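Trainee: Take a look at the following structure, please.
Read-outs: derived from the displayed coordinates by stated rules, not from any lab. Everything numeric in this text was worked out from a predicted model, so none of it was measured. Here Cβ is always computed from backbone atoms with ideal geometry, including for glycine, and neighbour counts include all displayed protein chains.
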Amino acid sequence: MKKIYDLELNKSQKLLVYIFKEMDADIAPISVTLDKLTELSKMNRLTVNNSLKELSQLNLISVNYGKGKASNSYMLNID
């Protein structure tokens with residue numbers, strides 16, 4: 001298993017990975033809103049949204065987009 005601190009990520013991406021790990025997103029997908037992630041990370045919505053997109057492009061997270069007002073679900077993909 002890769003160590004989070006060894007991943008070549010910027011600090012906002014790394015913080016989100018740590019948050020997902022704390023929420024057990026490496027075990028099962030978690031449903032969480034963008035507002036909740038901004039609250040937990042103390043980052044603005046734009047930074048969180050950009051970091052989520054980048055993590056998804058790096059295949060470090062899988063995103064299942066919610067319909068309408070439903071939360072997205074996230075799964076951490078760290079081996």
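Trainee: Multiply the residue gap between LYS14 and VAL63 by 0.36 nm, knock off their C-alpha separation, and tell me the result in nm, one decimal place.
Mentor: Working: separation 49, 0.36 × 49 = 17.64 nm, distance 1.67 nm.
16.0 nm is the gain from fully extending LYS14 to VAL63.
Trainee: What is the order of LEU37, LEU46, fewest Cβ neighbours within 10 Å to most?
Mentor: LEU46, LEU37
Trainee: So between ALA70 and GLU39, what do we pick up on full extension, going 0.36 nm a residue minus the alpha carbon distance?
Mentor: Length gained between ALA70 and GLU39: 9.4 nm.
Trainee: Here's a follow-up. My understanding is that a pair violates if its Cα-Cα distance is over 29 Å; which of LYS2/LYS69; LYS3/LYS69; LYS14/LYS69; LYS3/LYS36 do that in this structure?
Mentor: LYS2/LYS69; LYS3/LYS69
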